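Reviewing the structure listed below.
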Amino acid sequence: MDRLDPFNNCSDEDLLAQFRRGQSEAFGALVRRYERELYGYLRRYLGDPTLAEDVFQNTFLQLYKKMHQYEAGRPVRPWLYTIATHQAIDSLRRNARHQSVSLDQNREELPNGEVHSLVDLLETHGAGPLEQAEGEERRESIRASVDQLPDLFRQVVVLAYYQGLKYREIADVLDIPVGTVKSRLHAALAKLQEAWNESPSLREA
Amino acid sequence: MDENLIGYLLNALDSDTRRETERYLQRNPEAREQLSELRQALEPLEADRETCDPPPGLWVRTLARVAEFQCRQLSSVPRRVAARSETTHRTWWRRADVLVAASVLLCVSLMIPPILAKVRYQRDIVACQNNLHNFYFALNDYSSRHHGNFPDVAKAVPAPFNVAGNFVPVLMEEGLLPGDVSVQCPAYGKSTHPQYTLHDLLNMDAEELDGRIWNLAGSYAYSLGYRDAGGEHGPRLDPSQLNSMRPIMADRPPRDIVLGTISNSPNHGGAGQNVLFMDGHCTFCPQRVLPCSAGGFDDIYLNQDNQVQAGRSPWDTVLGDSAAHP
């Protein structure tokens with residue numbers, strides 16, 4: 001279908017401009033263009049595929065509703081991420097899944113009196129042949145450590161590292177100064193290193 | 001400057017800051033060492049770089065959701081707000097009770113007809129869908145016999161007989177229509193069996209055709225195909241396309257369609273229309289603007305130029321009534 005897509009060479013901004021001029025396919029092209037990227041972001045941010053799909057759909061519905069607010073030439077990508085992030089936060093609030101726990105919290109005491117942190121507990125989930133399990137276990141541990149970051153830090157890590165947004169774009173998405181983006185990212189990395197140092201398998205790796 | 005090093009590694013800096021950071025790194029060996037440490041520090045995140053695939057058809061469902069909103073918005077009519085009656089001081093409770101009881105009875109009696117109407121309405125929609133499925137059996141058989149092509153109303157017969165309604169005589173001619181199929185939507189009129197074969201149609205003169213043209217496809221609409229630089233193309237079952245999003249038949253369009261209104265088919269009281277798709281599924285759509293397989297939305301009764309004519313591309317579906325010309 002891509003070979004037939006007349007919008008391949010259009011920028012996001014061109015697509016929105018064309019849609020506003022009445023070419024409805026341009027909107028569909030934008031949805032398809034961001035299907036993988038934005039769903040991936042929401043899936044990572046929300047940790048739930050059903051919720052991610054719902055928020056993805058809502059994001060484009062909001063984009064459609066706010067189309068009249070779009071100023072020609074304004075970068076679409078950060079705007080889309082802004083809408084998606086707000087929708088994701090609302091969704092988390094509605095689903096009462098919003099958790100702000102640090103790695104030092106929620107320590108659980110085992111029957112033998114030993115105390116494990118959340119990351120350690122997640123690390124014990126590996127099953128199956130050791131070679132196959134190691135990679136998956138490592139991935140889960142990394143994801144768990146990012147998930148356990150406070151939301152303010154987690155947002156910048158996901159947007160900067162996994163989604164590849166520029167500092168300026170992240171600042172626009174989160175409506176904070178660029179300097180704050182930098183300092184949050186710096187602090188997030190420090191926290192992650194601290195968590196990884198506490199985790200035996202990651203420390204060894 | 002040190003805070004920019006992470007941004008440098010992640011390619012998150014704007015071009016000016018990036019150049020500035022590069023110059024800083026060139027003249028500062030300690031910064032280069034710090035960069036190397038940061039690179040190592042970020043490395044574990046790479047283990048979780050892989051993103052999940054989106055569920056199949058996510059973009060289609062997203063467009064459907066937007067289309068649903070779009071149509072709800074277009075079809076919503078401001079409702080008059082009922083004036084709130086002023087609270088009156090109750091002086092005689094027996095009289096009030098009688099009034100309440102009478103009101104309840106009145107409400108119940110008023111509720112019964114709408115409930116019955118709703119049941120009848122739902123029944124008609126299902127009956128109409130069953131009827132469209134009967135048409136699909138014939139259309140599918142026809143496409144099997146003709147290399148995937150459905151009846152092409154533009155080419156089946158010469159002008160002035162080249163109307164959308166002639167797909168019924170074409171199917172009749174090949175003996176494909178089941179005996180119980182009706183060209184009238186069960187919600188709109190009495191069951192009427194198709195009357196004319198292609199042979200009958202070609203033996204009519206222009207005046208006779210005018211008089212009977214609405215009887216051809218009755219209260220249904222059929223695809224007018226599309227026209228491009230390569231000429232006219234009839235509807236075709238193409239395995240490489242999303243046939244589940246390509247309509248072939250539907251309840252007929254509203255009569256005032258040329259005025260550019262957005263009203264629905266009159267067959268079901270204007271509440272929507274049954275649409276039969278090329279893969280054989282039939283859905284009642286409360287709006288006539290549907291997501292199309294190329295992305296975006298498509299008015300199933302008008303082409304991209306807002307005309308009742310053949311579409312402008314393979315994705316521009318136009319379902320014309322019995323008398324519509326491609």
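The values are calculated or read from the model by the stated rules, or taken from the named source; none is laboratory data. Small disclaimer: the values here were computed from a predicted structure and weren't measured. With ideal geometry, Cβ positions are generated from the backbone for all residues, glycine too; neighbour counts draw on all protein chains shown. Protein only, heavy atoms only, side chains kept; ligands, DNA and RNA dropped before computing areas. Shrake-Rupley method; radii C 1.70, N 1.55, O 1.52, S 1.80 Å.
Observations on the model:
- Within-12-Å neighbourhood charge of B:GLN304 [Cβ basis; K, R +1; D, E -1]: -4
- Each helix, a run of at least 4 DSSP H residues, gives -39500 (n - 2.57); summed and divided by the residues of chain B, these come to -13000 deg cm²/dmol at 222 nm.
- When chain B is treated as a Gaussian network with alpha carbon springs shorter than 10 Å, the biggest mean-square fluctuation among B:ALA64, B:ALA187, B:ALA47 belongs to B:ALA47.
- When a 1.4 Å probe is rolled over the protein heavy atoms, the share of accessible surface on chain B that falls to carbon and sulfur comes to 53 percent.
- Accessible surface comparison of B:SER36, A:SER145, probe 1.4 Å, protein chains only, largest first: the order is B:SER36, A:SER145.
- For segment B:294-317, accessible area lost to neighbouring protein chains reaches 10 Å² or more, against the chain alone with a 1.4 Å probe, at B:ALA294, B:GLY295, B:GLY296, B:PHE297, B:GLN304, B:TRP315.
- Within the straight-line cut-off of under 25 Å between alpha carbons, the lysines reachable from A:LYS66 are A:LYS166, sequence neighbours fewer than 8 places apart in one chain being disregarded.
- Solvent-accessible area per residue in segment B:1-59 equals 60 Å², computed with a 1.4 angstrom probe and all protein chains kept.
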